[in-house]
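These notes are about the structure you will find just below.
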Amino acid sequence: MIKKFTDRFSLFELMLIALLAAMGIAVKSVITPLIHVFTGPLYIPGGVVAGGVYMLFVVMAVSLTGKRGSALLCGFYQGVMMLIIGAGGFHGALSVISYSVTGLSVDIIMLILRHRGCCLLCCFFGGMAANLTGTLIVNAVFFGMPSIPFAFSLVAAALSGGFGGILAWLVTKQLKKLRVIK
């Protein structure tokens, strides 16, 4: 079943998705502590806002390949990388599930919209879905925040994720314009 799923992708696309996943993990480790300086006093986890920036790589996986399942694969790769390098902290093996589900949410949004990361709107909603899903999972499993900070977290996650989706679309558009990728 896994082989059948990955057979849809060329070796180049699989390597591109893995590279995007690695870039997302690298950016996360740098930007989350910086964002936490501003979100900490509001009792909002730094990953909620920073998520929009590092979720853009999951959206880019779809927009660069144009294939369904790209975001799921990118999220899965991210979760496995977090587990291997030990950056998942107390999340442990659940990182694989939480990252995969955020990728799956992007693929579901693209399926519902009948898009493949081709325009600003679908990338915006893809980024929003990824970050909202990540925020919901992490809060439900680990944080259990009170209602008001949780509501602020969801609003921040939606805005930040949408912004990340816009960034993904802009970067993809430039890469295609420069013919770095088809």
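Read-outs throughout are calculated quantities, based only on the coordinates presented, and are distinct from any laboratory measurement. Remember, it's a predicted structure, so these values are computed and weren't measured experimentally. Because the Cβ atoms are built from the backbone with ideal geometry, glycine has one as well, and the counts that use them run over all protein chains shown.
Using Cα-Cα distances under 8 Å and only pairs 6 or more residues apart, what relative contact order does the stretch 67-182 have, in percent?
Working: 148 pairs, mean separation 27.8, N = 116.
Here the relative contact order equals 24 percent.
Remark: spin-label model distance ARG68-LEU111 equals 0.6 nm, labels positioned 7 Å along the Cα→Cβ axis. Placing +1 on the Cβ of each Lys and Arg and -1 on the Cβ of each Asp and Glu in the stretch 70-182, which of ILE148, ILE85, GLY103 has its Cα farthest towards the positive end of the resulting dipole? Among ILE148, ILE85, GLY103, the one farthest towards the positive end of the dipole of the stretch 70-182 is GLY103.
Please give the direction-averaged projected area of the C-alpha convex hull for the stretch 1-51, in square nanometres with one decimal. Present the calculation step by step, with values, prior to reporting the outcome.
On the way: hull surface 18.4 nm².
For the stretch 1-51, the mean projected area of the Cα convex hull comes to 4.6 nm².
Of the peptides 153-159, 169-175, 71-77, the ranking by mean beta-carbon count within 10 Å, highest at the top, reads 71-77, 153-159, 169-175.
For a modelled paramagnetic label at LEU42, 7 Å from Cα along Cα-to-Cβ, the residues of the stretch 131-165 in reach, with backbone nitrogen under 13 Å, are 149-161. Mean silhouette area of the chain, derived from the convex hull of its C-alpha atoms and averaged over all directions, reads 10.1 nm².
Coupling constants for the stretch 21-32 follow from the phi torsions by the Karplus curve (6.51 cos²θ - 1.76 cosθ + 1.60, θ = phi - 60°), and in residue order they are 4, 5, 5, x, 5, 5, 5, 4, 5, 8, 7, 4 Hz; glycine and proline get x.
Estimated from the Cβ-Cβ distance and a Förster radius of 35 angstrom, the FRET efficiency linking ILE148 and LEU178 is about 0.20.
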